[in-house]
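Notes follow once the structure below has been shown.
The values are calculated or read from the model by the stated rules, or taken from the named source; none is laboratory data. Because the structure is a prediction, the values reported are computed rather than measured. When we count neighbours, we look across all protein chains shown, and the Cβ atoms used for this are built from the backbone with ideal geometry, even at glycine.
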């Protein structure tokens, strides 16, 4: 009995150690640049850069498929940060991707809401709470202001409200300076 | 030498694991819908079956038999197989990202392929030595791969065929598998003894 328990335990421990060793020895590192770029993006997941989210956009920048000026929510601060990270020249935001707007928040006009769940499906960050035929509402802290929920609403009850600054939301602004295209 | 060739022919054709021993039927039915995935699964299984056949032979001969713990065979072999599969996955992930992309999701599935455990247990039952075990495992894997790929190719054609509604889907797949099994019975006289 004891030998059986011992033999199996030892076998298990040896295999566990070997697997642990292999996990370290054969560790696969992803591209660290993608993580760095992703951390600079605003994580609105709005898709205005033409990529499905912030991480795919970061991947595309790292691969050289996308330019750094395609992120309207990030604005010039993000472009500047990306230019510093990648050691490229900053350039103004590409107007094809959108324009820089003050940060907004989606607000659902609750009496008008018919509970169709279409905006819930559109929300990339799961910031809308509700169920079929029940009133929906936006979780303000989770909302990134991406506006993706506005278009699908059949009764147009979602409005984008600019975030007003008060003592609880005010932060030091990023140092933003005007960017101009470098003369060729 | 003839002995090894006999083992190979016997496991690939005469005693095919899927069609005559009815082992490993889950991946046989599960991943045979598309030829590409079937090929990936076949490759991964070939590798793991051969490796685990060798490893479980070693575990049985050098650990279980000297200690008189033959009754722990099944659980030990499951442990060995799980280890081999995990280890293989890690090594392939590191060394060959391309191969990992092809085999990736199939590798962990192999742990639950009963043909893998079946080969390990049959090795012991038939008292094979080291090389015989390796050849037996490899033969079983080649037989499995061949049948899986053939079956996937057939299913791709059947998907386009005009099957009566009551027989569509898994029903016609099982009928096909049965007919294939019947056809493989024809090999039973190929090797005597």
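Tabulated results
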item	result
Scope the range A:119-160; condition touching a strand residue (DSSP E or B) at 6+ places or on another chain (Cβ under 7 Å) and under 18 Å from residue A:72 (Cβ atoms); matching residues	A:143, A:145, A:147, A:149, A:150, A:160
Qualifying residues in the range B:129-173 (those that are out of contact with any helix residue (DSSP H, G or I) (no Cβ under 6 Å at 6 or more places or on another chain) and not in a helix (DSSP H, G or I)) - the one farthest from residue B:44 (Cα to Cα)	B:164
Of the criteria (1) within 24 Å of residue B:94 (Cβ to Cβ); (2) within 14 Å of another protein chain (Cβ to nearest Cβ); (3) crowded, with 16+ Cβ neighbours inside 10 Å, which one residue A:38 fails	(2)
Residue A:61 vs. criteria within 20 Å of residue A:125 (Cα to Cα), away from chain B (no Cβ under 14 Å) and modelled with pLDDT of 85 or more	no
Test for residue A:2: is it more than 30 Å from residue B:89 (Cβ to Cβ) and within 14 Å of another protein chain (Cβ to nearest Cβ)	yes
Scan of the range A:18-35 for residues that are more than 11 Å from chain B (Cβ to nearest Cβ), assigned to a helix (DSSP H, G or I) and loosely packed, with under 15 Cβ neighbours inside 10 Å, ordered by number	A:32, A:35
Some residue of the range B:62-70 being modelled with pLDDT under 85, over 29 Å from residue B:14 (Cα atoms), out of contact with any helix residue (DSSP H, G or I) (no Cβ under 7 Å at 6 or more places or on another chain) and not in a helix (DSSP H, G or I)	no
Residue list for the range B:48-73, filter: closer than 23 Å to residue B:140 by Cα and over 17 Å from the mean Cα position of the chain (by Cα)	B:58, B:59, B:60, B:61, B:73
Search result, residues across the range B:107-142 that are crowded, with 21+ Cβ neighbours inside 10 Å and within 16 Å of residue B:31 (Cα to Cα)	B:107, B:110, B:113, B:115, B:141
Test result for residue B:43, touching a helix residue (DSSP H, G or I) at 6+ places or on another chain (Cβ under 7 Å) and within 14 Å of chain A (Cβ to nearest Cβ)	no
Odd one out for residue B:163, checked against (1) within 14 Å of chain A (Cβ to nearest Cβ); (2) surrounded by 13 or more Cβ atoms within 10 Å (Cβ to Cβ)	(1)
Residues within the range B:1-24 that are in contact (Cβ under 8 Å) with a residue 12 or more places away in the chain, out of contact with any helix residue (DSSP H, G or I) (no Cβ under 6 Å at 6 or more places or on another chain) and part of a helix (DSSP H, G or I), tallied	4
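Matching residues to (1) touching a strand residue (DSSP E or B) at 6+ places or on another chain (Cβ under 8 Å); (2) surrounded by 17 or more Cβ atoms within 10 Å (Cβ to Cβ); (3) part of a loop (DSSP other than H, G, I, E, B); (4) away from chain A (no Cβ under 11 Å):
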| site | (1), (2), (3), (4) |
| --- | --- |
| B:32 | no, yes, yes, yes |
| B:57 | no, yes, no, yes |
| B:74 | no, no, no, yes |
| B:80 | no, yes, no, no |
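To keep it simple, each residue is scored yes or no on (1) touching a strand residue (DSSP E or B) at 6+ places or on another chain (Cβ under 8 Å); (2) farther than 27 Å from residue A:151 by Cα.
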| residue | (1), (2) |
| --- | --- |
| A:68 | no, no |
| A:74 | no, no |
| A:85 | no, yes |
| A:88 | no, yes |
| A:91 | no, yes |
| A:98 | no, no |
| A:104 | yes, no |
| A:108 | yes, no |
| A:116 | no, no |
